[in-house]
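Enquirer: Structure provided below as structure tokens; questions to follow.
The values are calculated or read from the model by the stated rules, or taken from the named source; none is laboratory data. Just so you know, these numbers come straight off a predicted model, no measurement behind them. Cβ atoms come from the backbone with ideal geometry, glycine included; neighbour counts cover every protein chain shown.
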Amino acid sequence: MNESKKLGVQVENVNQEELFNVISAATSQEPWRVQASSTRLKEMMDMFGTYDGLHEIASQKSVAPQIRQQAIIQFKNAALAHWKSRKVLNDEHRTRVRTRCMAFLSEEDDTIAQVNEIIMARLARQDFPTAWPNLITELTQIINTNMQLHISGNPDSAAYLVLRRSLKALNSIIKEFASIKLPGGIQTMAQITGQLHGGMFLYYSQLSASLSALTPNDLGQQRTPQNLLIAHLVYKCLVKMGVWVYGQFGKTGKARANIDDMQGWLAQLFQASSSQAKTLLDLRTQLVVVVRSPTLEPIVAKSLDQLTRHVRVFGKLFRRMQQLDTTRFVLLPGCSELVLFYWEKVVQATNSPPDYVEDSNTAVYPVRLLVQAMVLFKDNLAQWTPVRKNGTPNELTLPQEFVEEAVRLLVTRFMPLNPADLEGWMADPEEWVNMEDRENEQWEYELRPCGERVLVTLSSQYKQYVTPLLETTFKQIVGQPTEDLASVVQKEAIYCAIGRCATRLKDVIPFTEWLKHNLVAEAQSTNANFPIIKRRIAWLIGKWIGDSCSPPSDPNIWKVLIHLLHDRGPGTDAVVRLTAAHALRECVDTVEFDISVFAPYLPTAATELLKLVNEADAIESKRRLVDTLNVVIQRGDQWINPHAQLIADAIPSLWTDADEEWLLKASLLVTVTSLVEATKDHSPSLHGLIIPLIRESLSPKVAVHLDEDGLNLWTMTIRNASTLTSAPGQPSLLELFPLALSLMSEHLDLLGSITSIIESYIILDATTILQNFAVQLFQAALTPLAGQAISANIRDILVVFQFVAQCAPASLWGEALHISGVFPHIVRILEDEKSSTLIYTECVYLLARIALADRQMLLQLVAAVAQSKNVPEATVFEIVLDQWWRQFDHMSEPRHRKLVAIGMASLVSTGRPEVLDRLPNEIFNMWTDVLYEIKESQNLSEDSSDGNVPLIRHWDLDEVPHSFYNGSENTLEYTRRQELLNRDPVKTMQLVTIIGSALQQAEQVCGSVAFKAQYLDKTEKALINQIQDELQKKSK
């Protein structure tokens, strides 16, 4: 019975015939049938029995291979994520699938078998050991049976196939469980390892004996690659278990499995692996030297390929153990000898003919093996340093002769550019430069960059040996003539070594003199081989300055880089120019950069960078060049002003050519943003370029890629603008404001940035904005206020409203505040007990601003809310005034406390009884608190006259938090905010005067006798005396 129906879920059963037809159609050569099949298959995936049906189709060997492959791939893609679902599978289905997985171990189709390995591993993770308890036992039995046949020397092809498939499946399962970090998975992995490690070790011991006895003739035997593959698969299982066990010994608590009994096995595995690695590495070299030929027989090539893959797995084991715990790795018995053995292979390769080293599994010295050896050696060097970090001598150290020879080997053999490098350089200069930079991330896989990193580590751990050696080498080559290609390539390698070790050599190499007397001349050489040197000179300068080995104050630095950047004569090429551009960025983007030194070269730098951007074909090259230009603009600051239009004129064509290359377009937006930031009050001349860019970058289909950069440009533009209008026929910032309102109401993810932009508009010209968009502004803001905006965004919107009340007359915003529904919503926020203190206080600040700007407007707004809610005005006043008092103690900034005190004084002056009823207690207490704080602030100011001012003066009314400026430093807006602050009544008006005036006006409204009887007489005498004392002091 359908299990889903038993649970009350109505799910349609799959029609097996239809499912077969749909899968068959998916393999069609007709696109319309494939599309229809894909659509129907998605619908059928929700049917009961579909996954079991797909797996059944894949198991039927009478079905066409492409249909079977499609079926099992669809099963893998969909079923694994829903394996526990009772809606589409029942236990019977799951049992059948597991049974078929085991049957697939004899599958001849490689695609189906490979997918089955993935399925088995993923299902094992979910089902073993609970729902599939016999998985490992059954798999082990299959391996045992077929392994015996294989070892016996008389295997049939079927047994070999099953053994190969079973070992691959087991390897995938071990890999899956080894990746689990949760305690349950760790314990399961411990169970699997405990069950398998002994048997697998025994198998490899038996298989490895035959590998160690391989002869050149054996490589041509059909059985040899089969033996190598089986041994390889067994050892891969051992490696995964060994690495996992090794990693467990470094853990504690629940994350560590109980595997203490495997410590001896792990030591045995390491020792056996070390011995076997040495044997096979030597044997492999001997075999390849004997059989190497331009045209190897296929079976010999296959044998060598498999042997090489197998040998590399040993290095992967050692490397992974080293990565997990280098200190423990070095202390393993025989570890140092092992790593030095690997290094010896590197030495042997350097003493062999050049064609022995190739990126091929059939080479005498495959590049990947050599890189593996160099990485192992590099990461052990820190453990062999002569003196440990704690200052004690280290017994495990390398002699000086060994270190010096290693340095010479690296510089003379592995670091020079080889013919393949030079061919790549000539074939595609841009890609070659980009690859060189990417090698900074891929150095563990390439011989030359790996050699450079080994040299850097040697110079760090053995600086007492390496520094003098490189210094001597430098002195030997610095004045030597370099004409032929060989000497140019070698000098380039030495320059590279000096640059890589710059921080160690800065005190012994006179960079300034070297630059002046040698590098300047070499940079101007017209020798046809000198692009190699020139490119390295540019890189070297960038590295030396970028690593702060010398300040960029020497004009020769810029002279060389700018020459290399723009030179298009003989003896140079695109690689030199692109490298010079990157080096220019490294030098400009430093702490010690001095624009006055660089200024004479700024026009040429900008011009040539733009020229290179236009010449470049690769998008990555264009983007890197634009990024360099951006740094030049940013560091050039106001010095870029004369050249801003030149740069701006180049942007439209670059933008159009970029099409949908969003990263490049983002960089171009940064360019324009940097121009605006640098030109400041001159930036309005760029608005004709800027405003269309902002529109496009925030358009629906583009915003997903460019919204952040577009908003940054908009922010910088509005902050450096002096007006919202523009010359006739030119786009204006005012035209963009409706877009800001649209984004505010529709895009919560952009709310923080767009609110900041709207705030800048208000500070720049609130009157113009409100004359054109008052109601629209408040309506747009109400959407996030009443929606799902987070508290920080709501706070920002309320701050914008406060600026509106501060910057424009109430006649422009009062009515809109009510019509839009914003003010009624503010009252609802104050009434809602679930709102946060942050929001409450910002609402009170807004009310205070309204009262300060126009107290009658506040009364009208309260009356309008009362009418719309059909309640007395007193009810609304109670909501407002309750929160006004409750939130007073939550306000920490003196300017805010004074603001609400002044705002309350404005309300008191209206004589409204709802307000005056609170005068004897709440209001007088509020006023006296703030008056005392202001006095305290004044005293603090007097006490600080000696200059010992505290870092943060909480009660100094002349200072505001950094957040008030909202990141507007170094823009015109910063000045506007300062001016706004300086004319703020909170700063310019004295509270005592405001209080006295408010009380007088309230007394006039109520009448002296009534005012005294109803309010003053109900006030504590102490409070009255305090207020009177302050008023008397002011009158004196």
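Enquirer: Of the numbered conditions (1) of a type in the set (A, V, I, L, M, F, W, C); (2) within 17 Å of E337 (Cα to Cα); (3) surrounded by fewer than 18 Cβ atoms within 10 Å (Cβ to Cβ), L422 satisfies every one except a single condition; which is it?
Expert: Status for L422: all satisfied but (2).
Enquirer: Related question: Can you run down the residue pairs with Cβ atoms below 6 Å, 6 or more apart or on separate chains, where the first is in region 834-845 and in a helix (DSSP H, G or I) and the partner is among the charged types (D, E, K, R) and surrounded by fewer than 22 Cβ atoms within 10 Å (Cβ to Cβ)?
Expert: Close Cβ pairs satisfying both conditions: L838/R795; E842/R795.
Enquirer: Only one of A71, A79, A131 is closer than 29 Å to A190 by Cβ and part of a helix (DSSP H, G or I); which?
Expert: One residue alone meets the criteria, A79.
Enquirer: Filter region 856-878 for residues that are over 21 Å from D832 (Cβ atoms) and more than 51 Å from the chain's Cα centre (by Cα) and give the result.
Expert: Q856, L859, Q860, A863
Enquirer: Would it be correct to say that N921 is surrounded by fewer than 18 Cβ atoms within 10 Å (Cβ to Cβ), assigned by TED's automatic domain parsing to the domain that holds Q1014 and either within 21 Å of D854 (Cβ to Cβ) or not small (G, A, S) (or both)?
Expert: The answer is yes for N921.
Enquirer: For a quick check of your reading of the model, give me the residue pairs whose first member lies in region 30-42 and is over 13 Å from E18 (Cα atoms), whose second is of a type outside the set (D, E) and outside any helix (DSSP H, G or I), with beta-carbon atoms closer than 7 Å and at least 6 apart or on different chains.
Expert: From region 30-42, the pairs are V34/S28.
Enquirer: Here is a further query. Within the bounds of region 377-393, is there any residue that is acidic (D, E) and either touching a His at 6+ places or on another chain (Cβ under 9 Å) or in contact (Cβ under 8 Å) with a residue 12 or more places away in the chain (or both)?
Expert: yes
Enquirer: Go through (1) in contact with a Leu (Cβ under 9 Å, 6 or more places away or on another chain); (2) without any contact (Cβ under 8 Å) to a residue 12 or more places away in the chain one by one and return the number of the condition N925 breaks.
Expert: Condition (2) is where N925 drops out.
Enquirer: Would a scan of region 492-503 turn up a residue that is surrounded by fewer than 21 Cβ atoms within 10 Å (Cβ to Cβ), without any contact (Cβ under 8 Å) to a residue 60 or more places away in the chain and over 22 Å from N418 (Cα atoms)?
Expert: yes
Enquirer: Hey, among T95, T99, T137, which residue is modelled with pLDDT of 95 or more, exposed (fewer than 14 other Cβ atoms within 10 Å of the Cβ), hydroxyl-bearing (S, T, Y) and over 20 Å from L167 (Cα atoms)?
Expert: T95
Enquirer: Of (1) closer than 29 Å to Q187 by Cβ; (2) assigned to a helix (DSSP H, G or I), L89 satisfies all except one. Which?
Expert: L89 satisfies all of (1) closer than 29 Å to Q187 by Cβ; (2) assigned to a helix (DSSP H, G or I) except (2).
Enquirer: For region 772-781, check the following and say yes or no: at least one residue is within 35 Å of the chain's Cα centre (by Cα) and either in the same structural domain as T841 (by TED's automatic domain parsing) or farther than 22 Å from A851 by Cα (or both).
Expert: yes
Enquirer: With F801, F778 as the choices, which residue is under 23 Å from S722 (Cα atoms), touching a Leu at 6+ places or on another chain (Cβ under 7 Å) and modelled with pLDDT of 95 or more?
Expert: Going through F801, F778 in turn, the sole match is F801.
Enquirer: Between residues in region 795-812 that are under 11 Å from L846 (Cα atoms) and residues that are of a type in the set (S, T, N, Q), which pairs lie under 8 Å by C-beta distance while being six or more apart or on different chains?
Expert: I797/T755; V800/T755
Enquirer: Could you list all residues from region 181-198 that are aliphatic (A, V, I, L, M) and loosely packed, with under 15 Cβ neighbours inside 10 Å?
Expert: Result: L182, single match.
Enquirer: Okay, moving on. Within region 294-335, which residues are of a type in the set (D, E) and over 37 Å from the mean Cα position of the chain (by Cα)?
Expert: Once the filter is applied, which keeps residues that are of a type in the set (D, E) and over 37 Å from the mean Cα position of the chain (by Cα), region 294-335 yields E297, D305.
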